[in-house]
Structure formats: structure tokens, C-alpha cells
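The values are calculated or read from the model by the stated rules, or taken from the named source; none is laboratory data. Quick caveat: nothing in here was measured; it's all calculated off a predicted structure. When we count neighbours, we look across all protein chains shown, and the Cβ atoms used for this are built from the backbone with ideal geometry, even at glycine.
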């Protein structure tokens, strides 16, 4: 029962807020929390692999070839950690709506 | 039928735990409950139980370990007293909030300060609103029986609440008395195995427990706890019925002793109920219609039963072994009087604080309370409901 | 409860008064009685005065308080007579049993006019002769059984033999001495004139 909101009656909620379905964090799109947006510059990227392990929302997709692609903005909340660790400035942080 | 034995209250509790054979026991020693984990650890060492005994470094950790074990899917038990329970405080609420049916043996003792290691109920009264089922025990036998019934109540799907079995520190915990034990096999069959529906170590169902619960949800979860507590009443009675079938020993939410035709009555819990029964019998011989209402189940509070059981009386005294220090009587008194009010019951009822810090409560003192009630019953209204018995003052 | 016998023990921490009260409870239990055996805990220090209690009855015991009007009092250490009011509340048709070598006249004086029966036993002598060291609780246990007649002496000895076998399973050599201490104490306890 993960689909609860402020209208869910008490008798439809699990006890103690227990969540009986694994992997439900994908249902919570944290992209709308974002006020600053990372911009990926593929020309500068050297595919060093430092950015995606630090992403708290797993919002940097990595292909089977071990190479990253553009951000998944459904989940990126704009924390900027990836931009901070990038050694070649291939990620730029821009204020949301100003790019 | 049964095994005739003589055990102290702590031995009785440890024996019950041995026969229950829980998966985990985590405890830290504190007077007067120390002997329970002490005896139990010898059972573990002698291979008489399969329990994982966790010798923790504090009571906070004891309850934390029980919470972890119970959430993982294990049956967990602990024992403590007074300041040990105080140190558990944070985790006591988390145990009930997470709906984990942990069972605790609480050997009642005064919470410091000033420092005192003797019996009163201030430890139990401190957690009366913590969402635990609370059973009180007059004798070693009841401490044993209540523990044997505990898991069936706590683990019931309609309940899923932690449960504590209280008994009076030293007065019953350190007194050797006759007791009738059950055979190990019977206990095993009665208590049954624990198969929680959801638990953390179930690899077929990865789940999350104890998530953040903000404005939109905590209220509903607390309501669920209150509903579970209301459900517990029926479950407690059902389990008691099964227990009676097996042992012949009958338990209700309350025990009424010569109350039906009484004119005056005392309401109390734990060992004082026995002393009161003696006095009731003695007064009956003198023609005074005295009675007793013993509260066995304090949480959930049996509002209806108590309201009804006291409705025909002319005067009532509620004995509290802990002062709520609110200037308005003890906690049991407050609960009993509100139960009476809800039952349109306007019997003059006084609060008596007694037995604080191990102050011995004698038959003479109980008799003096009944003497007060004889006077009260002649009046419509009493002017001094906040009283003490056994207190020195000029 | 007219058939209930109440006993109060006075001793000093470390002398085994509590253990003796529990052993008495055990022995009475084994003869089919309802029993209570409990100490009154105070400052638990070696040498501090301590009190322990027994109730023994043919019917279930419900009362849970200390004993204020005992039928019998047992004093394990006669130095307590100076500091503790050992006869407080003691029934005049009851009795007090004291471990002492003091004379009857002196005891009467120290007990401040107690009118009931006074029994004495030299538990030190019994203990030294049978056990080789001073354990007053074993002889005092036998003494109170004799005085209070709560059980048949033979049954008592038989039962204690079983208890000792269990208690001293790892040092059976002391069982005989303890049994001798009980037997000797049964003979040595005397009412003073």
C-alpha cells in the first residue's frame, strides 16, 4: 500500500506506515523539488565515472557500455553533487527556468 | 494437573520465559528484576532454551535489540524495573508505534529520585500512555499465568501491540510462594509458534518498517494503535477462556471479590489486592459489606466493566501506588472516576496514595480505608477526595 | 486465618537468616503446606540487622505485608537484643528462640518483660561441633521447627536430607555434618525456666 495520500482513511493504511512493496521510491518523482538544474555537456565529458555513484536519486542513467547519458530530470532534485565531483566541468548548474 | 511448586515471583517469570522459549531475550540487570535475566541466562547456558540471549549495555539497548529482533520476525522478551524502564522510554514508544508484540516483565519499583529500590507503581504509571498492553499480577501465580497468555494476546493480528506483565517488586518478586506450574509441552502448545505476516528477514517480501510519518499520516497511525488497544479487550478475554480450559484458573479484565452485594469497595492492583481480600473477609464477619475490585488489565482500560461494577456502591476508594503529583489523585483514580462518570455513576469516590517507595501496606491500613468509606457512605458529597494512607504527617 | 503461623527472623547480613527462612518455607512446602518466605530488604551489608519472614498455612495465603504480630520470633544473633526490639508485637502465647549462651535471667531482662516462652540454643557450639565452622542458620532452622511444631521432626529431617543432597550435589561431604547439626539442634534447644 504505497499509494496513500492525505485523503487515505486510517483503515486503508498499513499499520505503523509499513511499506510492503520494495522499490517504491520510483513512484516519488523528486524532480519537482529542483530549483537548480545540472546541464550535461557531453563534449567535455571524459566518462570517468565519478558522477553517477554520488547521485542520491540515481538520476544519471548509465548504459551497458558503462557510459553515462543525459540526466533523468524526473528524479534529479538539483543537489549539485555531480557538478562538484566532475573533474572536467562537464556539468554546469543553472537556475531552473533560466537556461 | 499442574506441577505443585514454590517459587519467587522472579523465578516464576523466568520459568514462564523458559517454557515460552522465545527467539531473543535482551535485558540489562536492575533491582528488583535482575534475577529474571539472571535465571534466564543460566537456562540459556544450560541449553534448556534455544534463545539468543543478548547481554546489552543499557536498557535503551535492551529495548532496541528487542525491536530489531521482533521486526526481523523473531519473538523477543525483556525484563526491567523503574529507572531501567525510564532509560528505555524512547524505545518503549517506538516498540508500540511500530506495532511489535514484544513482551516485557516489569517488576514494579519506585522511579528515583530520591533513590529508592523498593516497590511502587511509578514506573508502570510513567508508561501508561505508551501504547503497551499492561497486565497486573496479584501473586507469583498470576505473574506466571499472565506471561503465558501474553504472546497470544500481543501477537493477535487484531492487536499487534507490545505487552508488559507487572508484579510488585520484592513483595512478590522476592517472596517464595506456592505456585502451580504447567508442563513444558502444554505451555508450548498453548503459546504456539510465532509466524508474523510481515517481517524484515522475509526474502520473499522485501519491506520497509518505521518510515517517516508526517502530518498526513501519524494521526491515522495513532488511531490504529488506539483501535488495536480496543480490540485487545476481546482478545484478552478469549485467551483467558482458553487458559481457563487448560488450567481451571479464571481471568477477566477485572476481578470482583465480594463486590456484588457490597456497599463500600476498594479498587487496587497487584499484591495489595490479596491483603485487601483478607480485610474484606474480616469486615464481612463484622457485618460490614466490604468488597474489592482488582484491576488486572490496566491497558486497555476496562471502562465499561469498571463503571458498571462500581455503580451500586455507596462509597469507593481507589488506591494508587504512585502519586501523579498533579494535586488531583493518582492515575488509577482518574481513570476509574472517568469510567464511573461515563456510566452515569455518581458514587462518592476518593483517591488514596499508598505504599510509596516500598512503604509496607498492612491489613490495619486497608481497614482504616474501609472505615473512612463507612463514613463517606453516610454523606452525599465528600469534601476531601485526595487522601493518603500510611503517610506520616501532623 | 486461624491456622496460619507467622514467624519473624532477626539476623545480621551474611548469617543466613534469609536462607533459613527460605529453607523453612521449603520444608513446610514439602509437607503440603501453603507458604510464604520473604526477606525485608534494607541496606544489604554484611553485619547489618536484617529481618525475614515466614507464613505457613493449610489454606492459600493472600496477605502481602510484613509480619507485625508474629507467633514466633527467631533471633540468629544475640547481639541484636540490644539494638532491635525483637519481641515487638510477638504474641504472648507464642515464643522466641534465641541463639545465645546468656543466662535466662539476663535474657528476661534484655527482653524487657516479654511474658511468653523463651527458648535458647547455642547454635555456635552446634555448628562448630558438627560443621567445623560457624553457620548458625542450620541449627536455628531445626530449633524453630522443634519449638513451633509446624511439622513432624522425622519428616523434617527426611525432607532436609533431600534438600541438602540437591543443594550440596557438588560437595556431598558436607551433607552429613549438616544433618548432624539439625539433629543436635533438635536436642539442644531448651525452654528457659
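Test residue A:45 against the stated conditions and say whether it is part of a loop (DSSP other than H, G, I, E, B) and surrounded by 13 or more Cβ atoms within 10 Å (Cβ to Cβ). First the steps, then the outcome.
Working: part of a loop (DSSP other than H, G, I, E, B): yes; surrounded by 13 or more Cβ atoms within 10 Å (Cβ to Cβ): yes.
So residue A:45 passes the test.
Looking only at segment B:111-123, count how many residues are touching a helix residue (DSSP H, G or I) at 6+ places or on another chain (Cβ under 7 Å) and within 20 Å of residue B:58 (Cβ to Cβ).
Let us first name the residues in segment B:111-123 that are touching a helix residue (DSSP H, G or I) at 6+ places or on another chain (Cβ under 7 Å), namely B:111-112, B:116, B:118-120, B:123.
Applying the additional criterion that residues be within 20 Å of residue B:58 (Cβ to Cβ) yields B:111-112, B:123.
Going through segment B:111-123 one residue at a time, the tally reaches 3.
Tally time: how many residues in segment B:157-183 are over 14 Å from residue B:79 (Cβ atoms), more than 7 Å from every other protein chain (Cβ to nearest Cβ) and outside any loop (DSSP other than H, G, I, E, B)?
Residues meeting the conditions: 4.
Of the residues that sit in segment B:252-262 and are under 15 Å from residue B:301 (Cα atoms) and either crowded, with 20+ Cβ neighbours inside 10 Å or touching a strand residue (DSSP E or B) at 6+ places or on another chain (Cβ under 7 Å) (or both), which one is farthest from the other protein chains (Cβ to nearest Cβ)? Give the derivation first.
Pass one, segment B:252-262, residues under 15 Å from residue B:301 (Cα atoms): B:252-255.
Imposing the further condition that a residue be either crowded, with 20+ Cβ neighbours inside 10 Å or touching a strand residue (DSSP E or B) at 6+ places or on another chain (Cβ under 7 Å) (or both) reduces the set to B:253-255.
Values: B:253: 21, B:254: 17, B:255: 12 Å.
Across segment B:252-262, the extreme among qualifying residues is B:253.
Test each condition in (1) within 14 Å of another protein chain (Cβ to nearest Cβ); (2) over 23 Å from residue B:271 (Cα atoms); (3) modelled with pLDDT under 95 for residue C:88 and report the one that comes out false.
Condition (3) is where residue C:88 drops out.
Identify, by number, the condition in (1) surrounded by 19 or more Cβ atoms within 10 Å (Cβ to Cβ); (2) farther than 21 Å from residue B:365 by Cβ; (3) within 14 Å of chain C (Cβ to nearest Cβ) that residue B:249 doesn't meet.
For residue B:249, the failing item is (1).
If we scan segment C:50-64, do we find a residue that is more than 29 Å from residue B:282 (Cβ to Cβ) and under 19 Å from the mean Cα position of the chain (by Cα)?
yes
Counting only residues that are within 14 Å of chain C (Cβ to nearest Cβ) and closer than 19 Å to residue B:149 by Cα, how many does segment B:263-306 have?
Total satisfying the criteria: 3.
If you go through segment B:38-48 one residue at a time, how many are out of contact with any helix residue (DSSP H, G or I) (no Cβ under 6 Å at 6 or more places or on another chain) and crowded, with 23+ Cβ neighbours inside 10 Å?
Number satisfying all stated conditions: 0.
Filter segment B:209-226 for residues that are under 23 Å from the mean Cα position of the chain (by Cα) and more than 8 Å from chain A (Cβ to nearest Cβ) and give the result.
So the first thing to find is which residues in segment B:209-226 are under 23 Å from the mean Cα position of the chain (by Cα), and the list is B:222-226.
Within segment B:209-226, B:222, B:225, B:226 meet the criteria.
Looking for whichever is in the same structural domain as residue B:271 (by TED's automatic domain parsing), within 23 Å of the chain's Cα centre (by Cα) and modelled with pLDDT of 95 or more here; the options are B:351, B:368. Which one fits? Give the derivation first.
Details: B:368 fails: within 23 Å of the chain's Cα centre (by Cα).
Exactly one residue qualifies, and that residue is B:351.
What residue, among those in segment B:354-365 that are under 24 Å from the mean Cα position of the chain (by Cα) and in a helix (DSSP H, G or I), is surrounded by the most Cβ atoms within 10 Å (Cβ to Cβ)?
Per the criteria, the residue is B:358.
Does residue B:54 count as in contact with a strand residue (DSSP E or B) (Cβ under 6 Å, 6 or more places away or on another chain), surrounded by fewer than 22 Cβ atoms within 10 Å (Cβ to Cβ) and without any contact (Cβ under 8 Å) to a residue 60 or more places away in the chain? Talk me through it step by step, then tell me what you get.
Numbers: in contact with a strand residue (DSSP E or B) (Cβ under 6 Å, 6 or more places away or on another chain): yes; surrounded by fewer than 22 Cβ atoms within 10 Å (Cβ to Cβ): yes; without any contact (Cβ under 8 Å) to a residue 60 or more places away in the chain: yes.
Yes, satisfied.
Only residues that are surrounded by fewer than 23 Cβ atoms within 10 Å (Cβ to Cβ) and touching a strand residue (DSSP E or B) at 6+ places or on another chain (Cβ under 7 Å): list them for segment C:42-57, please. Can you show your working first?
The first filter runs over segment C:42-57 and keeps only residues surrounded by fewer than 23 Cβ atoms within 10 Å (Cβ to Cβ), leaving C:42-49, C:51, C:53, C:57.
The answer is C:42, C:47, C:48, C:49, C:51, C:53, C:57.
In segment B:19-37, which residue that is surrounded by fewer than 19 Cβ atoms within 10 Å (Cβ to Cβ) and in contact (Cβ under 8 Å) with a residue 24 or more places away in the chain is nearest to the chain's Cα centre (by Cα)? Break it down stepwise before answering.
Narrowing segment B:19-37 to residues surrounded by fewer than 19 Cβ atoms within 10 Å (Cβ to Cβ): B:21, B:23, B:29.
When the remaining residues are screened for being in contact (Cβ under 8 Å) with a residue 24 or more places away in the chain, the result is B:21, B:23.
Details: B:21: 21, B:23: 23 Å.
Taking the candidates together, the pick is B:21.
Out of the strands (runs of 3 or more DSSP E) lying entirely within segment B:216-319, which hold 2 or more residues that are in contact with a helix residue (DSSP H, G or I) (Cβ under 8 Å, 6 or more places away or on another chain) and without any contact (Cβ under 8 Å) to a residue 60 or more places away in the chain? Before you say what the answer is, go through the steps one by one.
Values: elements: B:254-257, B:264-268, B:290-295, B:297-299.
Those strands (runs of 3 or more DSSP E) span B:254-257, B:290-295.
Considering only residues that are more than 8 Å from chain B (Cβ to nearest Cβ) and in contact with a helix residue (DSSP H, G or I) (Cβ under 7 Å, 6 or more places away or on another chain), look in segment C:27-41 and name the one that is surrounded by the fewest Cβ atoms within 10 Å (Cβ to Cβ).
If we take residues in segment C:27-41 being more than 8 Å from chain B (Cβ to nearest Cβ) and in contact with a helix residue (DSSP H, G or I) (Cβ under 7 Å, 6 or more places away or on another chain), then C:31 is surrounded by the fewest Cβ atoms within 10 Å (Cβ to Cβ).
Failed condition for residue B:345, given (1) within 17 Å of the chain's Cα centre (by Cα); (2) modelled with pLDDT under 95, with all others met?
Failing condition for residue B:345: (1).
Restricting the search to segment A:19-42, which residues are away from every other protein chain (no Cβ under 14 Å), loosely packed, with under 15 Cβ neighbours inside 10 Å, over 13 Å from the mean Cα position of the chain (by Cα) and outside any loop (DSSP other than H, G, I, E, B)?
Listed by number, the list holds a single entry, A:39.
Residue check, residue C:187 against (1) touching a helix residue (DSSP H, G or I) at 6+ places or on another chain (Cβ under 8 Å); (2) within 28 Å of residue C:32 (Cβ to Cβ); (3) modelled with pLDDT of 95 or more, all met but one. Which one?
Residue C:187 satisfies every listed condition except (1).
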